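Peer 1: Got a structure for you, written out below as structure tokens; questions coming shortly.
The values are calculated or read from the model by the stated rules, or taken from the named source; none is laboratory data. All values reported here derive from a predicted model rather than from experimental measurement. With ideal geometry, Cβ positions are generated from the backbone for all residues, glycine too; neighbour counts draw on all protein chains shown. We work out accessible area using only protein heavy atoms, side chains counted, and drop any ligands, DNA or RNA first. Shrake-Rupley method; radii C 1.70, N 1.55, O 1.52, S 1.80 Å.
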Amino acid sequence: MTTRLPFTTDASEPVLARRTLLKGAAAAAATGMTISAAHAASVTPLGQTGAPTMSTAPLPLGPLPGSRYPDAHLESAKKGPPSFGPSGFPAFAGTMAVERVATGFRWAEGPVYFAAGRYLLFSDIPNNRIMRFSEDDGHLSVYRQPSMNSNGNTIDREGRLITCEHSGRRVTRTELDGSITVIADKFNGKRLNSPNDAVVTADGAIWFTDPAYGIGGFYEGIKAEPEQEKKNVYRVDPKSGEVKVVVDDFVEPNGLAISPDEKKLYICDTGFTDGPDNPSHIRVFDLDVAGGKVSNSKVFADMPKPSITDGVRCDTEGRVWCSVGWGDPNEDSVRCYTPSGELLGKIHIPETVANLCFGGQQRNRLYICGSTSLYAVYTSVQGAMKP
């Protein structure tokens, strides 16, 4: 049964006059104008947040199609007599194969492993999020969104996440309580370009690269003019927080890693993306951790153009593992070099490879960010304990 609301024409009862309604409408309009003005003065969105990737035939998970033991995706650079697996290549661990463990991203980058939780964090840059892959049960989830179009991630000696942000144009630290501390966003009073990758040395100093990829458009950041004259490599002092340039002659400084004894610093230069005469290689420096400086630069390894390498890690024996992509599909891989720069072998991946890191409880599982997917393979070596 419907009960009608009472309606009265009694003059003693309050009535909404036309003048009152007009005043109310005018006030609402004025409020709307104020809100509009406030919106016009608001900041832009915090970077590109992508739409979901629609697919009727998602890439399969598990060992790559056609895998058998020994896995043909592992290619040794040393050609010798037949042996149990690729000769002289430490990627071979016996009964294993390259696996796709997660997929559905637009550009996977910046992996870092947290041993205490047995999970991997990595960036999905265009989708403006950091993903989390739980190693124990294979669960995939979003760790942070928006992530300010995060790129490289690492972990400091206290177990805290260090992140390089494109649209934030800064390096941040996620504290153990979840709060975020800005480590560096300016140099000489001017904004950084778009921090790309970072490492932390034993003294707590944070070293990071600052190319211009994140301000080149709106897909992986926010388009802007660079304020820094050069694309530098920086060091943040662990005590004072002072940001200093340690190298200033890169075309596009990208991924970086330190040797397990902290005597060498490896930095990728992906300047080839800016022109065919620019470098596509890894440089190595003598590292002085206490002095906060590097010296004696030389080319460690050249990449086969038009391929580039923008992610690099070391194992406990000082071998250098790096990503390769963007060129010949037959070169889409992870490469492994001796400390002297001799190529040992390749792990072939069916997508362009961006970055990598060691993980697993024994740090013998290599996680590989390959475009739309996350790959993993067990190796016969352990990743260096230092990020």
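Peer 1: Within the stretch 192-223, work out how many residues are open to solvent by 10 Å² or more (accessible area, probe 1.4 Å), in contact (Cβ under 8 Å) with a residue 12 or more places away in the chain, part of a loop (DSSP other than H, G, I, E, B) and of a type outside the set (V, I, T).
Peer 2: 7
Peer 1: In contact (Cβ under 8 Å) with a residue 60 or more places away in the chain, of a type in the set (K, R) and more than 19 Å from D269 (Cα to Cα): does that describe R313?
Peer 2: In short, no.
Peer 1: For V112, are the conditions met, namely being among the β-branched types (V, I, T), open to solvent by 30 Å² or more (accessible area, probe 1.4 Å) and at pLDDT 85 or above? Quick ask: steps written out before the conclusion?
Peer 2: Values: among the β-branched types (V, I, T): yes; open to solvent by 30 Å² or more (accessible area, probe 1.4 Å): no; at pLDDT 85 or above: yes.
Against the criterion (among the β-branched types (V, I, T), open to solvent by 30 Å² or more (accessible area, probe 1.4 Å) and at pLDDT 85 or above), V112 does not qualify.
Peer 1: Looking for whichever is in contact with a helix residue (DSSP H, G or I) (Cβ under 6 Å, 6 or more places away or on another chain) and touching a residue at least 12 places away in the same chain (Cβ under 8 Å) here; the options are H73, H166. Which one fits?
Peer 2: On the way: H73 fails: in contact with a helix residue (DSSP H, G or I) (Cβ under 6 Å, 6 or more places away or on another chain).
The match here is H166.
Peer 1: May I ask you to verify whether Y234 is aromatic (F, W, Y) and more than 21 Å from R129 (Cβ to Cβ)?
Peer 2: In short, yes.
Peer 1: With a cut-off of at least 3 residues that are open to solvent by 60 Å² or more (accessible area, probe 1.4 Å) and of a type outside the set (G, A, S), name the strands (runs of 3 or more DSSP E) lying wholly within the stretch 289-387. Break it down stepwise before answering.
Peer 2: Working: elements: 293-302, 312-314, 320-324, 333-337, 343-348, 355-359, 365-370, 373-378.
Ranges flagged: 293-302.
Peer 1: Here's another thing I want to ask about it. Go through (1) part of a loop (DSSP other than H, G, I, E, B); (2) in contact with a Gly (Cβ under 7 Å, 6 or more places away or on another chain) and name the single condition G241 misses.
Peer 2: Against the list (1) part of a loop (DSSP other than H, G, I, E, B); (2) in contact with a Gly (Cβ under 7 Å, 6 or more places away or on another chain), G241 comes up short only on (2).
Peer 1: Test R157 against the criterion of being of a type in the set (D, E, K, R) and over 18 Å from L356 (Cα atoms), and give yes or no.
Peer 2: Taking the combined requirement at face value, the residue satisfies it.
Peer 1: Among the residues of the stretch 277-310, how many are of a type in the set (K, R) and in contact (Cβ under 8 Å) with a residue 40 or more places away in the chain?
Peer 2: The qualifying residues number 1.
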